[in-house]
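Let me begin by presenting the structure, written as structure tokens, before commenting on it.
Just so it is clear, none of the values below were taken in a lab; they were calculated from the coordinates. Note that the coordinates shown come from a computational prediction; the quantities given were computed from them, not determined experimentally. Note: ideal-geometry Cβ built from the backbone for every residue, glycine included; neighbour counts use all protein chains shown.
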Amino acid sequence: MDGAAAAALLLLLFSLSAAPVRGQGSSQDAFIIQYLERRLAQMEERLSQCEQNIVSVTQKSYDLSSEVRGSLSTVSVLRSEVKSQVDSVSARVDRLERELEYLENKIPSQSDIEMEEALLEQQIKAAELDQLKKKATIRVQNDCSAALSQIKSVKIVKKVGDSLGCWFKDPTEGSEKVYLLSGIRNNSVLEFGSLQSFIERTTPEKVLKLPVDWQGSGHVVYNGFLYCHKADTPNQVLKVDLVNGTVVDSTLLPGAGRLPVYSLNPNTYLDLAVDELGLWVIHADPEYGGNLVITKLDKVSLAVEYTWDTQCRSRDAEGAFFICGTLYVVYNTRYGGRSTVQCLYDIHDTIHSNESPVMFFPKRYTSHSSIHYHPGDQQLYAWDDGYQTVYKVETRRNDQAAAE
């Protein structure tokens with residue numbers, strides 16, 4: 001209430017109290033009363049207008065607040081989508097950079113092209129002499145013309161440990177040691193001196209305790225080192241010295257660890273493998289429909305040498321293995337059944353999945369939690385529902401496989 005209104009109200013009260021003294025019917029008093037009534041009516045009208053304005057402003061503020069909250073929600077969704085797209089583009093750019101680097105390394109430098117003719121002839125003669133000394137013998141680890149033609153037979157070696165796990169021999173030439181990792185999470189590695197020792201003994205020659213846990217069943221031993229997936233990490237690969245159990249190196253595999261590598265083996269997110277060409281990692285990539293991606297790692301530094309996207313799906317797969325740079329993916333059903341090789345990917349592009357027949361494993365109606373190929377033995381070491389199993393395989397030249 002302003003000062004004029006207050007004064008008018010006091011005047012009205014004074015006039016009403018003084019009325020008996022001055023008498024009734026005074027024209028001046030009537031005029032004052034009329035004036036004050038008009039002022040009160042105006043004040044009431046202004047108060048009513050103020051209330052309406054307050055209601056209107058409150059409603060507009062509420063509507064604006066609701067609109068701002070909706071806009072913030074939309075912005076949050078858009079920000080999440082943009083971040084996802086940026087991450088996807090970043091991953092593709094990284095992969096493209098690796099491919100460009102790979103291609104650049106394959107292109108010879110100008111100095112190599114301009115090599116002196118005499119030096120070139122000398123190198124050719126030295127190579128020919130070396131071939132004569134070897135009597136044209138090609139060692140298995142350097143021969144990458146082999147392709148899988150048949151899985152011939154199965155031998156149940158033993159039943160040790162949990163229903164899930166992995167076992168294998170060190171494929172390094174001259175090594176006969178057998179290693180066993182039972183379960184899907186542990187820090188123990190069991191070592192046996194040979195396959196015969198594994199068959200005959202009830203306890204291993206050596207039980208190695210690692211400083212950290214491994215997880216899954218996709219591990220390998222190569223040249224005396226264990227390569228495994230570190231537990232509680234999505235994509236960290238460890239290199240462990242089996243002499244003293246120390247971690248000597250590690251790497252994070254880009255884009256891996258978001259999906260189980262095989263849908264029928266949900267506890268394994270990284271599957272490592274060894275063949276004649278070296279060390280590999282297999283994983284599933286959701287950006288490519290869950291198809292399998294293969295990465296070649298340097299066995300010494302764990303550096304990524306190259307990555308290939310395959311057309312082989314992870315759905316209904318239970319395992320995979322490598323022979324001479326070709327990935328063979330094994331499929332089954334979630335109820336268990338006869339395992340089959342239904343998809344392959346050859347990094348040399350000499351054999352193709354749609355030209356290769358489906359290959360069946362010998363009848364054992366269960367499911368594999370791991371399958372590892374040994375280049376020297378030409379055998380698959382599989383973990384079959386707790387049974388340590390060996391499959392004998394037959395290979396042929398991949399150019400013959402492609403021609404058939």
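Within the shell defined by Cβ-Cβ distances under 12 Å, the residues around residue 193 carry a net charge of -1, with Lys and Arg each +1 and Asp and Glu each -1.
Averaging Cα coordinates gives a centre for segment 264-281 and one for segment 61-109; these two points are 29 Å apart. Close amide-amide hydrogen proximity is noted between residue 397 and 147, each under 5 Å apart and 5 or more residues distant or on a separate chain (H modeled in the peptide plane; Pro and chain starts excluded). Listed values for segment 168-174 are Karplus-derived 3J(HN,Hα) couplings in whole Hz (6.51 cos²θ - 1.76 cosθ + 1.60, θ = phi - 60°), namely 5, 9, 5, x, 4, 4, x, and x replaces Gly and Pro.
Set the Förster distance to 56 Å, then compute FRET efficiency between residue 153 and residue 93 from the Cβ-Cβ distance, nearest 0.05. Walk me through the numbers on the way to the answer.
Details: r = 48 Å, r/R0 = 0.85.
Efficiency, from the Cβ-Cβ distance: 0.70.
For residue 86, what charge total do you get from the other residues with a beta carbon under 12 Å from its beta carbon, if Lys and Arg give +1 and Asp and Glu give -1? Provide the component values of the computation, followed by the final result.
On the way: positive: 79, 83, 92; negative: 81, 87.
Local net charge: +1.
One Cα centroid belongs to segment 373-393, the other to segment 33-58; the line between them spans 95 Å. The length gained by stretching the chain between residue 83 and residue 38 to full extension, at 0.36 nm per residue less their Cα-Cα distance, is 9.6 nm.
Overall shape of segment 145-403 was characterised from the C-alpha gyration tensor. The equivalent ellipsoid obtained from it has semi-axes of 25, 21, 18 Å, in decreasing order.
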